[in-house]
Structures are given as structure tokens and as C-alpha cells.
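A.B. asks: So that we are looking at the same thing, I have put the structure below in C-alpha cells.
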Amino acid sequence: MSDVVPIKLACLDLAGTTVGDIAMVERAFAEAIATQGIVPGTGAYARAMVHVHRSRGCPKIDVFRGIFPDNEAQAQAANLTFERSYEGTLERAGLVPMPGVLEVLDKLRGSGVKLAVITGFSRSTLSRVLSVLGWHDRIDLAISPEDAGGRGRPWPDMVLHAVLRTGVEDVRQVAVAGDAESDMLCGRRAGASVVAGVMTGVHSRERLLKGGATHILDSIADLPSLILSDDVGDTQVSPPAR
């Protein structure tokens, strides 16, 4: 295709996409909500956890602001508990990269593709995550909402921040991969030509397509063959896995 441009920057999500820590994140949310009087077994708790699920990928403080509207102090307190809970579990249990992810990072960088990790975690939590993973020499950037002026997904700011930091000339040279609808919205709004929904996380194929996924991948391990191909199109959605 004459309008195909080479991918020069890949923006990758963490939880559910490159790292298998979904259960840890869910537990930290549940603990944080409980400290604010919303306990398991109640309707309020069920509604709060539905909101958590729908908001996956968004900045954590924004998720808590949605649960505790008009009460910034409560949202901030819950967010602090979340960070302490998650980081505590992180130190005790560590993190497990998704199968094949290290090979993905090495292959993409070896092919000249810049790599940025983008996340809804705070800068402090992101720093802890990277320290545990030991990925500093495998990626070019790690971006939290704070690094992009405070706006995380579904806004495009973190991807655009990565574009500016890496010197990529055209947003069409960007690929975004994530497991949540907010990842897809972020990538689409940033103008990325590849917005890949990964089926190892929290949201269904339908949710990913609703968010604007151009491709659906079984796992992050499928990303190199997609973005290093000469045949990447704007709207190629892979068929569902059988």
C-alpha cells in the first residue's frame, strides 16, 4: 500500500499487556475502596468495582474521583492506599512479564523501533515497577500521566508526549498496544496508525473494537510480526481466535 508508513515508535501498556499483574491491581483497588467504608458484599462495593473495571487503563486518581465524586479528600486517601497496597505487594511478590514480552522488546528495539511504556500508575509507582522489572535498558521511555501534564488515558497526551520526546516526525509512525478500551481511545485520538487490542487483559474484543482498535492480537508476542510487516493497513482487524 502506498500510504503505509513504517512504525518508528511503539507505546505499550503495562498491566494486562506486557505484565501479568491484573489480580494485584484488582486487590489494591478493593483494599483502597474498603478503607473508605465501601466494603465487599454491599451494592456500593459492587458498583465501585464495576467502575474500576470500566476505567481500566485510566489514571488511578481519576478512577477514585469517579467513585468518590465531589469528595477530593476521599479520592486522594483511597489513591494513597492503592499505591501503598500495590507497591507493598510488588515488593513481596515481584512481577511476571507476559510470555514472550522480553523477546518483543528486544526485537523491536533491534529493528530500530523506539519503545515507550505508558501507564495509569503514578510516577512513583511506575518507578517501582520498572525497578522490579529491570527494564531500564530495554525501553526508551516510561511515561505516567504526571509526565504528560496530568492527563492520562483515554486522552492522547501520553502518546503525544512520547512522540515529542523521541523525535518521531509523524503520528502515523506510532503503534499503540493495550488491553483496555482506554488504551484504544488514547491511540486513536493520538493519530497512531496501529492501535492493537491485546486479549490478555481485562476488556473483551468487543470493548477493544468499540474503543477503536485497528487490530486484535492474542498476545503482545504477536506485535512484532504486525508492526514490522510491510502490509500493515489502517483498519485490519484480525479474526477472533478459535
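The values are calculated or read from the model by the stated rules, or taken from the named source; none is laboratory data. On a predicted model such as this, the values are computed, not experimentally measured, just so you know. FYI the Cβ positions are ideal-geometry reconstructions off the backbone, even for glycines, and counts take in every protein chain you see. For the accessible areas, the whole protein counts, side chains as well, though only heavy atoms, and no ligand, DNA or RNA atoms are used. Shrake-Rupley method; radii C 1.70, N 1.55, O 1.52, S 1.80 Å.
A.B. asks: Once neighbouring chains are kept in place and the probe is 1.4 Å, which whole percent of the accessible area of the range 22-93 is contributed by carbon and sulfur?
C.D. replies: On the range 22-93, the fraction of accessible area on carbon and sulfur atoms equals 53 percent.
A.B. asks: Something else now. Cross-link candidates for Lys210: which aspartates and glutamates have Cα within less than 16 Å, leaving aside residues fewer than 8 places away along the same chain?
C.D. replies: The qualifying aspartates and glutamates are Asp179, Glu181, Asp183, Asp234.
A.B. asks: Continuing with this model, one more query. Roughly how many Å² is the accessible area per residue of the range 22-93, as a whole number, for a 1.4 Å probe?
C.D. replies: Numbers: 3510 Å² over 72 residues.
Dividing the accessible area of the range 22-93 by its residue count gives 49 Å².
A.B. asks: Residue by residue, what Karplus-based ³J(HN,Hα) values in Hz, rounded to whole numbers, does the range 201-218 have, using 6.51, -1.76 and 1.60 with θ = phi - 60° and x for Gly and Pro?
C.D. replies: Per residue, the Karplus-derived 3J(HN,Hα) values read x, 8, 9, 6, 3, 4, 5, 5, 5, 4, x, x, 4, 8, 9, 10, 10, 5 Hz.
A.B. asks: Now for a different question. Express in whole angstrom the spacing between the alpha-carbon centres of the range 99-113 and the range 1-42.
C.D. replies: Centre-to-centre distance over Cα atoms comes out at 21 Å.
A.B. asks: Sticking with this structure for a sec: Charges at C-beta only: +1 for Lys and Arg, -1 for Asp and Glu. How large is the resulting dipole of the chain about its Cα centre, in Debye rounded to 20?
C.D. replies: Charge dipole of the chain: 380 debye, to the nearest 20.
A.B. asks: On C-alpha positions alone, give me the angle between the axis of helix 157-166 and the longest principal axis of the chain, in degrees, nearest 10.
C.D. replies: 50
A.B. asks: Against the longest principal axis of the chain, how steep is helix 43-54, in degrees 0 to 90 to the nearest 10, with axes from Cα atoms?
C.D. replies: Roughly 20 degrees between the two axes.
A.B. asks: Through the Karplus equation 6.51 cos²θ - 1.76 cosθ + 1.60, θ set to phi - 60°, convert the phi angles of the range 67-84 into ³J(HN,Hα) values in whole Hz; use x for Gly and Pro.
C.D. replies: Here the 3J(HN,Hα) series is 7, 10, x, 6, 9, 4, 4, 5, 4, 5, 5, 5, 5, 5, 4, 4, 4, 5 Hz.
A.B. asks: Same structure again: On a 0 to 90° scale, report how tilted helix 181-190 is relative to the longest principal axis of the chain, with both axes built from alpha carbons and the result rounded to the nearest 10.
C.D. replies: In the chain, helix 181-190 runs at an angle near 50 degrees to the longest axis.
A.B. asks: Taking only protein heavy atoms into account and a 1.4 Å probe, give the accessible area per residue of the range 126-216 in Å².
C.D. replies: With the other protein chains kept in place, the range 126-216 gives 38 Å² per residue.
A.B. asks: Quick one: work out the % antiparallel among DSSP beta bridges in the chain, nearest 5.
C.D. replies: 5
A.B. asks: Do me a favour and compute the ellipsoid semi-axes for the range 22-93 from its Cα gyration tensor, root of five times each eigenvalue, largest one first, whole Å.
C.D. replies: 18, 13, 12
A.B. asks: On full extension of the chain, what length is gained from Arg54 through Ala77, given 0.36 nm per residue of separation minus the C-alpha to C-alpha distance?
C.D. replies: Going from the current span to full extension adds 6.2 nm.
A.B. asks: Another one. For the range 92-102, just list the computed ³J(HN,Hα) in residue order, Karplus coefficients 6.51, -1.76 and 1.60, θ = phi - 60°, integers in Hz, with x standing in for Gly and Pro.
C.D. replies: These are the phi-based 3J(HN,Hα) values: 7, 9, x, 9, 10, x, 4, x, x, 5, 5 Hz.
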